[in-house]
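Presented below is the structure to which this report refers.
Every number here is computed from the coordinates shown, using simple stated rules; none is lab data. Since the structure is predicted, the reported quantities are computational estimates derived from the model, not experimental observations. Ideal geometry is used to build each Cβ from the backbone, glycine not excepted, and the neighbour counts take in all protein chains shown.
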Amino acid sequence: MREKLYNFLYYFTLPGTVIHELAHATIIVLLPNIKITKLKLTSYVEYSGTSNTVPRTFLIGYAPFFINTSLSLLCIYALKNINYMAGYKELFYVTVLFYISLVSAFTALPSFQDAISPWVLMRRKLFTKRFPLIVLFSPLVIILSMPGLIISYTAMKSRLLQFIMCVIYTTSVVLVGFGFITGDMILIFYEYFTNSLEVLIDNLPTY
């Protein structure tokens, strides 16, 4: 039964997954001296380049978080300005926009590979001529990527936890879009959520 639910969620949120991978691809295309070597819209993007830096890797890895979330909020903003009672066409537009908003937010969180990539590259370049830049940017990268790394690592351990976190994030984005959550509330929730995840990871069983 649980496997059927996961399969349903996979296909239901597939458009969001496509948007997720396109977000990676968009940033890769926009960055100079980096090119896509392989693209599969339902699962991954591979790339290579001669000037792959930690900030660039961070931008590529976390692109879906920013792009999917922004798209979700834009859809909510658009549907709030449509009178769905005006007719079937308006109701259809609202339904489509709300669906895109949901699946975009649901697939916005980074995978473990996306989240760990800046850390791996930062460690690899630590004892190279880029050492001063690594020292300069590493605190910022750590601060920005730590929540994503914790979330993705936890999700990798359990599909149920992954589902729960995606639902929580999607609900949060929708509530923000409709104005039920303010900036101060987000900061309080963010601090509580990251602390809870750290405690949860510390107590995960090891095999």
Exercise. Which part of the stretch 100-120 falls in the paramagnetic zone of A78, meaning amide N under 13 Å from the point 7 Å along Cα-to-beta-carbon?
Worked result: 100-102, 104
Seminar exercise, completed: Output for the stretch 13-104: GluC sites (Glu not before Pro) sitting in coil per DSSP, at most 11 other Cβ within 10 Å, listed by number, reads none
Seminar exercise, completed: With 0.36 nm assigned to each residue of separation and the Cα-Cα distance removed, K4 to F92 gains 28.9 nm
For this session: Please give the residues of the stretch 1-38, grouped as numeric ranges, whose backbone N is less than 14 Å from a label point set 7 Å along the Cα-to-Cβ vector of Q113.
Result: 21-22, 24-25, 37-38
For this session: With label points built 7 Å along Cα→Cβ from the Cα atoms of Y99 and L175, find their separation and express it in nm.
Result: 2.6 nm
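For F163 and N33, what does the FRET efficiency come to when R0 = 41 Å and r is the distance between their Cβ atoms, rounded to the nearest 0.05?
Values: r = 38 Å, r/R0 = 0.93.
Efficiency at R0 = 41 Å is approximately 0.60.
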